[in-house]
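Pasting in a structure now, in structure tokens, and then I'll have a few things to ask.
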Amino acid sequence: MGPHSSPRHLDKTTLGFFLVQVLTGLSSAASLFLVAAGLSLIFGVTRVVNFAHGSFYMLGAYFGLTLVALFGDWFGRGHLSFWSAILCAALVVGAIGALVEMTILRRIYRSPELFQLVATFGVILVIQDLALWGWGPEDKLGPRAPDLRGAVFILGQPLPRYDLVLIAAGPVVLGLLWLLLNRTRFGILVRAATIDREMVGALGVNQAWLFTGVFFLGSFLAGLGGALQLPKGGADLLMDFTVLAGAFVVVVVGGMGSITGAFLAAVLIGQLQAWGVLLLPQSTLVMMFLVMAVVLVVRPFGLLGRPELVGHGRQMLDDPLRPTSWRFKGLVLLLVLGLAAAPLYLGTYGLVLLIDILILALFATALHAIIGPGGLVSFGHAAFFGGGAYAAALLVKYAGTPMALNLVLAPPAAALLAIVIGWFCVRLSGVYFAMLTLAFAQIVWSVVFQWGEVTGGDDGILGLWRAPWVRGRIAYYYLVLGCCVAGILALRHGLSSPFGYALRAGRDSPLRAEAIGIDVRRQQWAAFTLSGAFAGLAGGLYAYSKGSVFPNEMAIVRSFDGIIMVFFGGVQHLSGPLAGAAALTWLKDSLLRLEMWRLLLGLAVIAIVILFPQGIAGFLKQRFGRFVGIRSELSS
Amino acid sequence: MTGGPVLEADGLSKSFGGVQAVRGMSLAVAPGELVALIGPNGAGKSTCFNMLMGQLRGDAGRVRIMGEDVTGWPPRKIWRRGVGRTFQITQILPSFTVRENVQLALLSHQGKLFDVVTRARRAQSDVADALLQRVGIVGFAERACGLLAYGDLKRVELAIALANRPKVLLMDEPTAGMAPAERIALMELTAGIAKADGVGVLFTEHDMDVVFGHADRIMVMHRGSLIAEGTPLEVRDDPEVRAVYLGSSLDPEGP
């Protein structure tokens, strides 16, 4: 990093260096802006946070790759052929987005937000497998744009020529979008729907086509972003999640539904990345988070955003908590006894699977407490699961403390993380909360991933040996069984305590809760922390069951697994997470042997969202509840 | 503070953009007194109410509860000073039973919101039932609140509001959406409680039968300001009030 930084030596080289840095930042803002603008548009009109938006971006890159090659063969490798291939790739992705809207999302606009989020997650899984099937597992190098190879020199400093295209792309697309939104009938409808969707519907606008159109446009933008960055970044199967966290940060910082806000935020984040790589290469993601945190503390709805309109979507009502009947208690006892006897009838493989199920059931129950009774959809609970796992592993690595102590310390470590993250997150609700938790979890993940000297980075931490008294698999199974049953019962009890009631009151009616003296945010913050602690216990147990930890334990996929377990089981039911954890683990275990298990799992998720919204526990309650003395009152 | 007003407001003002919704409203409610705040739509009643309850921060003016300045406090703190409220559109906890709705208010009153050990369901169910008895819905105690009829929900709200032994009750259109017979019953119940416990009640209302039949004192707002105040008889004969309400019947006996 040669140049002098003292202002006395601000010579030509230094100036050139600064300029090139700024331009590099602007070029990396382009893709981020395109993806975020699409995400923001779609959210503004349909109120759907499209988690699959990163997948559309990835598809844009892959289709771009194929079409550039194809058009190159057909029409030669000139300008026209290259750029029309990029544009066609974006159009194809736009069409795919419209198709997803028409076949899946249109059926669930009236469902609670969580259902839509989960459905788009199903789409992510499906697209992942389709991309793998279509383009293979290897990372692809992007094609070069004609006549844009090499670099230009700015005051003696090199800048890749293609970056100039990207730098121009952002403002050009922003300008075109402005024209579209302000000068066309479609644009007027989009802006009107962003402000008041119901009113636009009441005025007789065909909402179905408006929504499909917006999905087409939003997906087109994501596809364009993916295709445009090809010469710079190529295509790989991880880009969907990589871009998603960045795009969320941009959308949240810019303000959801605001295109100009997204542009400003993308430029800001782009500059941050360009300078961060230079100054503190280990901390680019952390700095991104810090900017977001500052913006959200000052302006909770982003730079140019509006407060979220509440009251959309159908609220699903829980049944009141009834005293547990003796029959149900007997059933639970039978289940626990059956589990305790498992080593008698299960082999090693079955036992390992059962350990996984128990640990994930504890994780899901902790997550459910905040999603169900808390009414806050956390998309970042993996941070606490992984936090507990890493706390135990780091203690082993650096302090050599024994297992029992590490398992005791894992929950408070995770709780500490939850206190910090929760402080920011409970200021928001609904989709803002979901996105913020996801972004925070990504930050934690990136710290673990990037800070290799301490955490081992991608190689993880090995050598978590269990204490002699639980070295055997069966002994450890009993430890896990004891901890998980105790943890789940404690969580259940907590929800029936005054604390749990006050939490639920904040979800049922914030106005009423406040009017009877409940500080809703404080209640949510405390619940978030407790939930994090239990997730941390699950993480600690998991680490010792595997003997090692990897950054995967806190990746987005782990958070999504938690959400899907809660959802499979039925959000409105306290026993849901248990059923969900068993179902998902079993389903994954059986599907993993198949070639395209993600595709099948994704389709299963989508099917359940549409056909089976009350979940397994809800279904069981309706069908068999009367045998154990429970009935459905409000839930259905 | 015996004898003094339980609720006082001085010079409350609020504007939204260029519209002055409330200008210089002052009022006082004595213990055991039922005061009606009336006025045509857009007169500023709800804005005034929301400022009293801390839901909305005023541009100017002070609010005092039992002599203590509570201006700018959040609703939960004002509630802790002894102010119960009911909402224009009922706000209850649908996934709780009727009894639990009241129990939670009782638990909050006792500062037990962070208790994770005991079971909320068992807390003070007798006190809760006594309150439900008082408002006449103890028979529904075990029902999920989400299943109740609208008129009964209004009674649940009243029971919740009484849980912290309030000195002030703020009721925003307490009888909206109820059948005429129910309206009279609810207001008689409220008046009885106010007299028995020395609670000062401030309510807004569109139903003139309710207002003239139950209020001790009536305050009339028009375009953000107080234009008349007095006993039902005085207000009925006020020429300015008649002008404002021209075309709508202020006279319970008919025009």
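The values are calculated or read from the model by the stated rules, or taken from the named source; none is laboratory data. Here the structure is a predicted model, which means the values were calculated and not measured. Because the Cβ atoms are built from the backbone with ideal geometry, glycine has one as well, and the counts that use them run over all protein chains shown. With ligands, DNA and RNA removed, areas are computed over all heavy atoms of the protein, side chains included. Shrake-Rupley method; radii C 1.70, N 1.55, O 1.52, S 1.80 Å.
To keep it simple, each residue is scored yes or no on (1) open to solvent by 50 Å² or more (accessible area, probe 1.4 Å); (2) without any contact (Cβ under 8 Å) to a residue 12 or more places away in the chain.
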position: A:Leu346; (1), (2): yes, yes
position: A:Ala366; (1), (2): no, no
position: A:Gly386; (1), (2): no, no
position: A:Val396; (1), (2): no, no
position: A:Met403; (1), (2): no, no
position: A:Trp423; (1), (2): yes, no
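Return the residues of the range B:65-74 that are open to solvent by 10 Å² or more (accessible area, probe 1.4 Å) and either at the interface with chain A (Cβ under 9 Å from one of its Cβ atoms) or in contact (Cβ under 8 Å) with a residue 40 or more places away in the chain (or both); say none if nothing qualifies.
B:Met66, B:Gly67, B:Pro74
Any idea which of A:Val165, A:Val173 is over 30 Å from A:Ser559 (Cα atoms), within 29 Å of the chain's Cα centre (by Cα) and of a type in the set (A, V, I, L, M, F, W, C)?
A:Val173
Just a yes or no: is a residue in the range A:431-442 under 21 Å from A:Leu362 (Cβ atoms), more than 14 Å from chain B (Cβ to nearest Cβ) and open to solvent by less than 10 Å² (accessible area, probe 1.4 Å)?
Checked the range A:431-442: at least one residue is under 21 Å from A:Leu362 (Cβ atoms), more than 14 Å from chain B (Cβ to nearest Cβ) and open to solvent by less than 10 Å² (accessible area, probe 1.4 Å).
Quick check: is even one residue across the range A:60-73 part of a loop (DSSP other than H, G, I, E, B) and touching a residue at least 60 places away in the same chain (Cβ under 8 Å)?
For the range A:60-73, residues part of a loop (DSSP other than H, G, I, E, B) and touching a residue at least 60 places away in the same chain (Cβ under 8 Å): absent.
Now for a separate question. When you scan the range A:314-325, do you find a residue that is of a type in the set (A, V, I, L, M), within 14 Å of another protein chain (Cβ to nearest Cβ), more than 21 Å from the chain's Cα centre (by Cα) and under 30 Å from A:Arg107 (Cβ atoms), even just one?
yes
Let me ask something else about it. Of all helices (runs of 4 or more DSSP H) completely enclosed by the range B:1-118, which ones contain at least 2 residues that are touching a strand residue (DSSP E or B) at 6+ places or on another chain (Cβ under 7 Å), at negative phi and modelled with pLDDT under 90?
B:45-53
Can you list the helices (runs of 4 or more DSSP H) lying wholly within the range A:446-533 that have 1 or more residues being within 14 Å of chain B (Cβ to nearest Cβ) and open to solvent by less than 50 Å² (accessible area, probe 1.4 Å)?
Filter on the range A:446-533 gives A:473-495, A:498-508, A:510-515.
So is B:Ala161 under 19 Å from A:Leu511 (Cα atoms), of a type in the set (A, V, I, L, M) and surrounded by fewer than 24 Cβ atoms within 10 Å (Cβ to Cβ) or not?
No, not satisfied.
Considering B:Lys167, B:Lys154, which residue is of a type outside the set (A, V, I, L, M) and open to solvent by less than 60 Å² (accessible area, probe 1.4 Å)?
None of the others qualify; the one that does is B:Lys154.
Is one or more of the residues making up the range A:552-571 within 24 Å of the chain's Cα centre (by Cα) and within 14 Å of chain B (Cβ to nearest Cβ)?
Yes, there is a match, as at least one residue in the range A:552-571 is within 24 Å of the chain's Cα centre (by Cα) and within 14 Å of chain B (Cβ to nearest Cβ).
Still on this model: Just the residues that are open to solvent by 10 Å² or more (accessible area, probe 1.4 Å) and closer than 17 Å to A:Thr120 by Cα, please, taken from the range A:218-237.
Hit for the range A:218-237 is A:Phe220, nothing else.
All but one of (1) modelled with pLDDT under 90; (2) out of contact with any Ser or Thr (no Cβ under 7 Å at 6 or more places or on another chain) hold for A:Arg512; which doesn't?
Against the list (1) modelled with pLDDT under 90; (2) out of contact with any Ser or Thr (no Cβ under 7 Å at 6 or more places or on another chain), A:Arg512 comes up short only on (1).
Considering only the range A:620-636, state which residues are more than 14 Å from chain B (Cβ to nearest Cβ), out of contact with any helix residue (DSSP H, G or I) (no Cβ under 7 Å at 6 or more places or on another chain) and either open to solvent by less than 60 Å² (accessible area, probe 1.4 Å) or not aromatic (Phe, Trp, Tyr) (or both).
A:Leu620, A:Lys621, A:Gln622, A:Arg623, A:Gly625, A:Arg626
Have a look at A:Ala538, A:Ala607, A:Ala579 and point out the one that is crowded, with 24+ Cβ neighbours inside 10 Å and more than 18 Å from the chain's Cα centre (by Cα).
Testing whether each residue is crowded, with 24+ Cβ neighbours inside 10 Å and more than 18 Å from the chain's Cα centre (by Cα) leaves just A:Ala538.
Looking at the structure I just gave you, is A:Tyr62 in the same structural domain as A:Leu221 (by TED's automatic domain parsing) and in contact with a Lys or Arg (Cβ under 9 Å, 6 or more places away or on another chain)?
For A:Tyr62, the condition - in the same structural domain as A:Leu221 (by TED's automatic domain parsing) and in contact with a Lys or Arg (Cβ under 9 Å, 6 or more places away or on another chain) - is met.
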